[in-house]
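The values are calculated or read from the model by the stated rules, or taken from the named source; none is laboratory data. Computed from a prediction, not measured in an experiment: that's the story for all the values here. All Cβ positions, even for glycine, are placed from backbone atoms using ideal geometry, and neighbour counts span all protein chains on display. The protein model used for the area step is the full one, side chains on, heavy atoms only, and it has no ligands, DNA or RNA in it. Shrake-Rupley method; radii C 1.70, N 1.55, O 1.52, S 1.80 Å.
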Amino acid sequence: MMATESSAGGLPAGLEEQRLVYDGRLGAIYGIFIKTLLLAIVTLGIYRFWGKTNMRRYVWSHVSFQGDRLEYTGTGGELFKGFIIVVGFVFIAGIARTALELAFGSLSAVAVVAQLLFIVAVVYLAFVAHYAAQRYRLTRTLWRGIRGGVSGSAWSYGIKAMLYSLISSFTFFLAQPWASFRLLELRLNNSYLGDAKALASLQASEVFGRYIAGYGIMLVLFVGFIALAILAVGSSGLAQDFLEIIQATAEGRTPDTTQVDMTSIAIALGLFYAGFAVWGILGSTIAFAWYWAGVAGEVAARLEVAGLRFRSDITAGGLIGLYIGNMLIVVFTLGLGLPIALHRSLRFFTGRYGILGRLDPDRLTQTTLDRPRTGEGLLEAFDPGLF
Amino acid sequence: MTDPAPPQTDRFFDGRTAHAHAAVLKFEPGKLLIEDAGGDLLARWPLPEIRIVDENLVNGALVLALTDGTAPRLHLFEGPGKAALLRARPELPRWRAQQAWRNLRQAAIWGGGALALAALLYFGWRDASIAVAGWIPREWEAPIGGAIRDELAAAHRVCSTAEADTALAGLVARIAPRLGGPPVTIEVLDVDQVNAVALPGNHILLFRGLLDRASSPDQVAGVLAHEASHLELRHPMRGIVQQLGVGAVLSIVFGGSDLGALGQLAATLPYSRAMESEADRHGVELLKAAGLRADGLASFLTVMAETDPGGLPEWLSTHRDPQARAAALDADASGEAALDPAAWRELREICGADDPGEAGDSGDRVARPSSLGRGEGSAVGAPVE
């Protein structure tokens, strides 16, 4: 079951290639979506957890591998319990923080430290949640009576993730590929299908060039955007108005509204923020698509589990089409297009990973790893998504 | 590498390996026996505990498991095995409806629970706030009230003469000898408004206008007893807790509140009618316990309502019938006078005998609109800015 050869591109020849098959229907997904939406409204949002579980059950059971379907065995109650635990923690933390502020004053050292600790704790818990959610989902995934599992501690993953993120930010995020690959490795190498352990050692150097290209594009786009904004202000004659506002702010008085065209200023500011959002969302999607395609390729090339090897057909163009398309669909349908975006994503990813080799079912035995009792409540608090 | 059971025939996965066993079904009373092609027993399932996990709409397989959540799975296709099982468990095909009903019931229970909790919080918060306010140490009120007191003292002249201060402090100590928490401070602000304020942290502020309008020291004592009762009954803290409960429990939880906002709330929120009546009654009790005349507050309220009926808009907003409020008070005149004539004269002249003070400046910085009435209706402004 061990790999015979593990360098990227040096796959053993003659391996049979198969793919995950996704045969879900958009109509069925819409049925679950609409039902969840209506019942969530009636039950003050509580039904969301059961709706999400229904959605996963449907999607899992419409993905098959070697002719057998996956099965999702999680329940809405588990998700809900996890959520309640997190709400309880947040509530107690909020009360403790307010009590400290009342006792010592909001600007006292104790209150400021408590405030900082609260922010750090939220970031830390977001990382912990990410890991814990992966464990929940894998332990709730069954294939041929065999479930997945994740070893390792989510709490220690959270600490490592904080450290790697800190290092990355010290390098102005130039070390991001390295940092995210180390974290990805932690998540991959602790994952199991039955007793078969996933194994991946990723090389950040393989994707570093692509990352730098994206980084450079983002910088150029940013400078261009700022230059465009300045030019627009200059040519529209709003420069005087802005100067007046800046001067007034510096002198601590309210701007002279007879000199300032407030409507045009508001429109200009609105355009600026809209442009900034476009830069951040559309710009980064396009600029980093090549990098993300590289990441997908690198992970596929290095990963092996239960003797299976992988190959990615994901391209930058494909990713851009997927993500930009999904964004447009969701935005222009005011969120009602979410099922379409989900359906597109599932078709995209299941169809673009080649799985090389065949899994020997007799040698894949049940895992002994723990199955957590409650579901990803922590992640729910940060990412209340559809799926 | 090859499974003995090709797809489209009944298969059993034992939950130990991913091996697909060809499955042959046999029945004995109350049990389903799953055997492999060679007749070896793979599993013995109690019939009542069998559930349908899913139905594969593409290949028609029915996926079955036990209700105990264990991993073994039985895949059944159209044929004698499936038909026999469905004869033994005829209600199995309704699994989708049952599952949907179970989900809905669970969500409805939790949703109903959430609604009940919300209703309990909304309606029960008043009583809970009394308990919660009681748990918060009185010392914690100090920074909130202190900040408001300092703001007011910075914006207005604080009147002070040795004799008047002694008289006031002595009066408060006599009226409220057992008030817990930080030491009580009592100060007179040179503002031409008929107003008095009790701030968290045991600060009482009298406005000069009130001293000008009072016709006896007993009326001032009545007002002081009313304000001291607010403090003794934790009304400022109850107001804060209640306000957070009604509108902003979420903001406290998610970090939206800070001390400044709390102080603002504490200062601008009028007390509820129940709290005012409670303070009225308790004030009379305090006066009686101190052996003082207890009719001062009632007579002051009556005078105010009679002489200036149109000038009390704030008061009217929280107390629709001031006369009734005065009438509800016990007007026991048997006790001692609050101050001797000399001390009363000193107190009245605490801001200077002939100085009109800030008569024209009554509108800008005023704290909580007191139920005791006030000169200017426009002065709703918040003290903390």
query = Rounded to a whole number, what % of the accessible area of chain A do carbon and sulfur atoms account for, probe 1.4 Å?
reply = 71 percent
key: By accessible area with a 1.4 Å probe, ligands and nucleic acids excluded, highest first: order of A:MET218, A:MET327   = A:MET327, A:MET218
ask   = Given the Cα-Cα distance of B:ALA173 and B:LYS26 and 0.36 nm per residue of separation, how much length would full extension add, in nm?
value = 43.7 nm
inquiry  = Assuming 0.36 nm per residue, please report the length gained on full extension of the stretch A:LEU219 to A:ALA277 beyond their Cα-Cα distance.
reply    = 19.4 nm
Stretchable slack from A:SER151 to A:ASP370, in nm (0.36 nm times residue separation minus alpha-carbon distance) = 78.0 nm
remark   = The simple spin-label model distance between B:ALA83 and A:GLN203, using points 7 Å out along Cα→Cβ, in nm, is 6.1 nm
ask   = Taking the simple approach of a point 7 Å from Cα along Cα-to-Cβ for both A:THR258 and B:TRP101, what is their distance in nm?
value = 7.7 nm
Convex hull per residue volume in Å³, alpha carbons only, for region B:11-90 = 93 Å³
remark   = If one compares the long axis through the Cα atoms of helix A:316-332 with the longest principal axis of the Cα atoms of chain A, the angle in degrees, nearest 10, works out at 60 degrees
query = With heavy atoms of protein chains only and a 1.4 Å probe, what residues of region B:61-93 have at least 20 Å² less accessible area in the full set of chains than alone?
reply = B:ALA71, B:ARG73
inquiry  = Please give the Cα centre distance for region B:175-225 versus region A:203-278, rounded to the nearest Å.
reply    = 55 Å
request  = Measure off, as a whole percent, the carbon and sulfur share of the 1.4 Å-probe accessible area of region B:11-90, all protein chains present.
outcome  = 55 percent
Built amide H within the under 5 Å cut-off of B:GLU336, gap 5+ = B:LEU292, B:ARG293
message = For the full complex of protein chains and a 1.4 angstrom probe, list A:PHE310, A:PHE91, B:PHE12 by accessible area with the highest value first.
response = A:PHE91, A:PHE310, B:PHE12
query = Helix A:76-104 sits at what angle to the longest principal axis of chain A, using alpha carbons and giving 0 to 90 degrees rounded to 10?
reply = 40 degrees
note = Contact order relative to length for chain A, counting C-alpha pairs under 8 Å separated by 6 or more residues, stands in percent at 26 percent
request  = Kindly flag which residue pairs out of B:LYS26/B:LYS82; A:LYS52/A:LYS81; A:LYS52/A:LYS160 have an alpha-carbon separation exceeding 22 Å in this structure.
outcome  = A:LYS52/A:LYS160
request  = List, in order, the whole-Hz ³J(HN,Hα) value for each residue of region A:260-265 obtained from phi through the Karplus relation with A = 6.51, B = -1.76, C = 1.60 and θ = phi - 60°; use x for Gly and Pro.
outcome  = 10, 8, 5, 4, 5, 4
request  = Give the calculated FRET efficiency between B:SER272 and A:PHE118 to the nearest 0.05, with a Förster radius of 45 Å applied to their Cβ-Cβ distance.
outcome  = 0.85
task = Kindly compute the accessible surface that chains A and B hide from a 1.4 Å probe when together, both sides summed, and give it to the nearest 100 Å².
result = 3500 Å²
message = Run lengths n ≥ 4 of DSSP H only: what is the helix-derived mean residue ellipticity at 222 nm for chain A, with -39500 (n - 2.57) per run over all residues, to the nearest 500?
response = -21000 deg cm²/dmol
ask   = According to the square roots a ≥ b ≥ c of the eigenvalues of the Cα gyration tensor, what is the shape class of chain A, taking rounded for a/c under 1.5, prolate for a/b larger than b/c otherwise, and oblate for the remainder?
value = prolate
message = So, for region B:11-90, what is the accessible surface per residue at a probe of 1.4 Å, expressed in square angstrom?
response = 44 Å²
inquiry  = Check which residues have an amide H placed less than 5 Å from B:ARG157's amide H, if you skip close sequence neighbours.
reply    = B:ASP190
